[in-house]
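Everything below concerns the one structure shown next.
Laboratory data are not the source of any read-out in this text; all were calculated from the coordinates shown. Keep in mind it's a predicted model, so treat the numbers as computed, not measured. Note: ideal-geometry Cβ built from the backbone for every residue, glycine included; neighbour counts use all protein chains shown.
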Amino acid sequence: MESLEAILAGHSFFRDLEQKYIHLVTGCASNVRFDAGRFIFREGEEAHQFYLLRQGKVAIEVFTPHRGHITIETLDEGSILGWSWLIPPYNWHFDARALEMTRAIALDGKCLRKKCEEDHDLGFEFLKRFAHIMEQRLASTRLQLLDIYDVHA
Amino acid sequence: MTYTHERGLETADLVLSPMIPQQFVIQRVRRETEDTFTMELEPETTSASFSFKPGQFNMVYVFGVGEIPISISGDSSEPRSLVHTTRAVGTVTKVMDKLKKGDCVGIRGPYGVPWPMDAARGKDIVIVAGGIGIAPLRPCIYAILRNRENYGKVVLLYGTRTPSDILFRDELERWRARFDLEVYVSVDRAMSGWKGSVGVVTTLIPKSPFDPHNALAMICGPEVMIRFTAMELIKRGVETNQIYVSMERNMKCGIGLCGHCQFSHYFVCKDGPVFRYTDIKENLVKWEI
Amino acid sequence: MLFRIETSAVQSLIEALRQRKYNVIGPIRRGGAIVYDQIASTNDLPKGWTDEQRPGQYRLRKGDDDRFFGFAVGPQSWKQFLFPPTLKLFSVDRNGKGFAVPTKNRESAQARPEQLAFFGVRSCELYAIAAQDKIFGSGEYRDPYYTEIRKRLFIVAVNCSTSADTCFCSSMGTGPKAKNGYDLLLTEVAANGAHFFTVEVGSPAGENIFKNVPHVPASAEESKSAELVVSKTAAGMKRSMDTSGIKELLYANSEHPEWEKVGGRCLSCANCTMVCPTCFCSTVEDTTDLSGSRATRTRTWDSCFTMAFSYIHGGSVRTSTKSRYRQWMTHKLASWIDQFGTSGCVGCGRCITWCPVGIDITDEARVIRESTSREREPQNTKEK
């Protein structure tokens, strides 16, 4: 059974992060589990955590009056879920729902946020990593917007 | 005194012109999605057979209407069967869409450079299909499955606009059930009830189970999707010269004489439609080339 | 060996060809231009006429002498006979649920194969025919009409005794002296009161026809006069194109601002592609008769300048005029080399003369070559 610290240290998101920070992050981490169909967070709720998905599938959704729940994107194991804990006003903008039974490591965002303010080096490391994820998600979203399979010019 | 071509016109009939189609009879028409259909054809002459390589296309003729290039989407080991999957989006395809069993179409082909099945031996294969791009890749998958021991890990990544645009659903589910083939499908837009992946097909690449250092990739789909897919594969570590793409251009003859399909100095009908990514990557990003 | 013939012997040459059942095609004056059509005698030739050509301009006027070939090239090229503007490819008849190629056509066609003799082909045009030989006659798939007619073609070439302002064959290495690809080569000498032709035999077929034409060996002086005609023509050529490294130059400059400039002038009228002797693009049209029982496929000339040329579902690949001009010029001067091993341009100058706004391909090439990379706009910036 791998320790939480080992799992975090081995994940690409935390690559090249100093050992002391890995240790600090582990102190804010815990294993969580969501049954299929359970919401992980809801739009508008306060964002105090983020998740490293270890198994399962999560749908990022938005609810609209006429079309119901629309899945914008799905995330699989290994993905990082949630960055609103790091960016004011620290509220979730979308729903996240487990499509299958999902195991994840939850990280205490409120606690880490405080530590980032105290130690800017740590803050920079987090922002660097999230900037990279956001860039990837933005590029994918742009491609989705292009509607490239559509016939019309 | 004026020179006219009237005499000349009949001279053309005299020789067996590569522009004259052979007749094929429709055995079956299958509706795949709202605008996409598959025709299963057989040569009119009972003794005749048709052989092709995965990735090649035919010029398909509808009596009196016109002729268009369509990739062959069937099994290259079936000598009497010729399968074409196409969308009904233009004059010719809209008429083709109304043809039934027993009707005939004209076929000229097969033409073009096929998928590199020989170069793929011994490697992990990554097949990335976008939309109807899965049609020219299906013969490739059939060929791999027929000689499965010649290849390493085989991964099919398939992206469509919505779940209702997914082609060959039954086959995809059968393939996915195999232990020696990984199939991942993702849609750009989900509808309620879809529990599969949502996101562009490129998002499936980073975690696909293949060894990038011993992989050969084959991509077919809209040009934008080809560019981003290639980029993502290279990011993952696939060597640029192991990526192959299938291109599409306007074709009037299919045999390198009408000039329509030129893409830089390449004729897509005879230098393609399958190209090595390294050979065309500069031109892929040039506008209106 | 060089021979000399009287001007009257030119008539014998035409007659010798006609006797052998050749359909002789040569230059005639029609509609204010010199075009190619059937001729029966030297009286059909534009004797004494010459042309004045400039970018976007073409005029005929009476020349200073009675030369048979005292002009450069006109709006037509020989490709219209080997690669006709309209050609029926086949007809099929409805047959139950299918169709069948009618046999009637096949039989009647066998009776009359076409045999043409081109009379008065210039050096640039010989290169153009050679270029189309490569396209239509040497690939994996060949055009059967072209190869049939080409097999039976007899060429009487003529060395140019005058060049138009728009000619630039010298710099393209395609003239003005014809080197090969002909059955007979004439040089018209009209100077110091004398008027005669020298003749070179280029093939056994040429020899066969020529023996019916009264001729004597040319004297050293006559030979020299003939050479002088050609060198004078070469010297008088004002336009030129620098082709050194032009393939790499054009490939590397697909985003050059000059394309935007020339795109703004170009009307996309396709004149250049129609008058160009090497342009080979075509399209097919499928039609039926009124009863819907017979369908015919016809091949017609097409041009990369049309909007529909590059159409695939979703739209055309080249929607801007600029991109279509760039395609034509890059294909002609650069891609052609990768495709066929030679330049697609033979320096005949027709595209310059017949462009309604006088776009000059030699000028465009020069502008791109002479400008520096500093002037080039960064890639992927769309203007406006």
Checklist line | Antiparallel DSSP beta bridges within chain C, percent to nearest 5 | finding: 80
Checklist line | Dipole in debye (nearest 20) - region B:18-174, about Cα centre, beta carbon charges: Lys, Arg +1; Asp, Glu -1 | finding: 120
Checklist line | R0 of 51 Å, Cβ-Cβ distance residue A:87-residue C:300: FRET efficiency to nearest 0.05 | finding: 0.25
Item checked: Average partner coverage of B:210-222, which counts Cβ from other chains inside 10 Å -> 1
Check: Considering every residue in C:251-258, what mean count of other chain Cβ atoms within 10 Å of its Cβ is obtained?
Finding: 2
Item checked: Estimated 222 nm signal from helices in chain B, with DSSP H stretches of n ≥ 4 weighted -39500 (n - 2.57), rounded to 500 -> -5500 deg cm²/dmol
Next item on the list: Could you pull the Rg and Dmax for the protein assembly as shown, using just the Cα atoms, both in Å?
Entry: 33.8, 111
Next item on the list: Taking only Cα atoms and a 10 Å spring cutoff, compute GNM fluctuations for chain B and point out the largest among B:24, B:267, B:179.
Entry: B:179
Check: By the gyration tensor of its Cα atoms, with a ≥ b ≥ c the square roots of the eigenvalues, what is the shape of region B:124-246: rounded for a/c under 1.5, prolate for a/b over b/c, or oblate?
Finding: oblate
Item checked: Rounded to whole Hz, the Karplus (6.51, -1.76, 1.60) HN-Hα couplings of region C:237-245, x for glycine and proline -> 6, 8, 8, 8, 10, 8, 9, 5, x
Margin query: Counting only helical runs of four or more DSSP H residues, what would the 222 nm mean residue ellipticity of chain A come to if each run contributes -39,500 (n - 2.57) and the total is spread over all its residues?
Written below: -11000 deg cm²/dmol
Margin query: If I model a spin label at residue B:45 and residue C:100 as a point 7 Å from the Cα along the Cα→Cβ vector, what separation in nanometres do I get?
Written below: 1.5
Item checked: Number of partner chain Cβ atoms within 10 Å, mean per residue of C:91-99 -> 5
Check: Of B:167, B:206, B:125, whose Cα points farthest to the positive end of the dipole of chain B (charges on the beta-carbon: +1 Lys, Arg; -1 Asp, Glu; origin at the Cα centre)?
Finding: B:206
Notebook entry, point to check: Taking θ as phi - 60°, what are the ³J(HN,Hα) couplings along region B:267-279 by the Karplus curve (6.51, -1.76, 1.60), each to the nearest whole Hz, with x for Gly and Pro?
Noted result: 9, 4, 6, 10, 8, x, x, 8, 10, 6, 3, 4, 6
Notebook entry, point to check: Among residues other than residue A:94 whose Cβ falls under 11 Å from its Cβ, what is the net charge (Lys/Arg +1, Asp/Glu -1)?
Noted result: -3
Notebook entry, point to check: Out of residues 5 or more away from residue A:50 or on other chains, whose amide H comes under 5 Å of its own, with H placed 1.01 Å from N in the peptide plane?
Noted result: A:107, A:109
Item checked: Most fluctuating residue given options C:218, C:178, C:128, as computed from a GNM of chain C linking Cα atoms under 10 Å -> C:218
Check: How much net charge surrounds residue C:334 when only other residues with a Cβ under 12 Å from its Cβ are counted (Lys, Arg +1; Asp, Glu -1)?
Finding: +1
Margin query: Restricting to bridges with both residues inside the protein assembly as shown, how much of the DSSP beta-bridge set is antiparallel, in percent to the nearest 5?
Written below: 75
Next item on the list: Specify whether the C-alpha gyration tensor of chain C places it in the rounded, prolate or oblate class, a ≥ b ≥ c being the square roots of the eigenvalues: rounded for a/c under 1.5, otherwise prolate if a/b is larger than b/c and oblate if not.
Entry: oblate
Notebook entry, point to check: At a Förster distance of 35 Å, what's the computed FRET efficiency of residue C:227 paired with residue C:265, Cβ-Cβ distance as r, to 0.05?
Noted result: 0.30
Next item on the list: May I ask you to order A:60-67, B:64-71, B:93-100 by the average number of other C-beta atoms within 10 Å around their residues, highest value first?
Entry: B:64-71, B:93-100, A:60-67
Margin query: Just to verify a number: FRET efficiency for residue B:22 and residue B:162, C-beta to C-beta distance, R0 = 35 Å, to 0.05?
Written below: 0.40
Notebook entry, point to check: Among the DSSP beta bridges whose two residues both lie in chain B, what percent are antiparallel, rounded to the nearest 5?
Noted result: 55
Notebook entry, point to check: What is the total of Lys pairs in chain B with C-alpha atoms under 20 Å apart, excluding same-chain pairs fewer than 8 positions apart?
Noted result: 13
Checklist line | Computed helical MRE - 222 nm, chain C, DSSP H runs ≥ 4 contributing -39500 (n - 2.57), nearest 500 | finding: -9000 deg cm²/dmol
Check: Considering chain C as a Gaussian network with a 10 Å cut-off on Cα pairs, which listed residue, C:260, C:200, C:221, attains the greatest mean-square fluctuation?
Finding: C:221
Checklist line | Gain on full stretching of the segment that runs from residue A:133 to residue A:20 - 0.36 nm per residue minus C-alpha separation | finding: 38.4 nm
Next item on the list: Could you give the size of the charge dipole of region B:124-246 about its Cα centre, using +1 on the Cβ of each K and R and -1 on the Cβ of each D and E, expressed in debye and rounded to the nearest 20?
Entry: 200
Notebook entry, point to check: Any idea which of B:48, B:143, B:102 is furthest toward the positive side of the dipole for chain B, if Lys and Arg beta-carbons carry +1 and Asp and Glu beta-carbons -1?
Noted result: B:143
Item checked: Estimated inter-spin distance, residue C:180 and residue B:171, nm [label 7 Å along Cα→Cβ] -> 5.2
Checklist line | Ranked B:218, B:247, criterion: other C-beta atoms within 10 Å, fewest first | finding: B:247, B:218
Note to self: Less than 15 Å apart at the alpha-carbon level, and either on another chain or at least 8 residues along: which aspartates and glutamates does that give for residue C:62?
What the structure shows: C:51, C:52
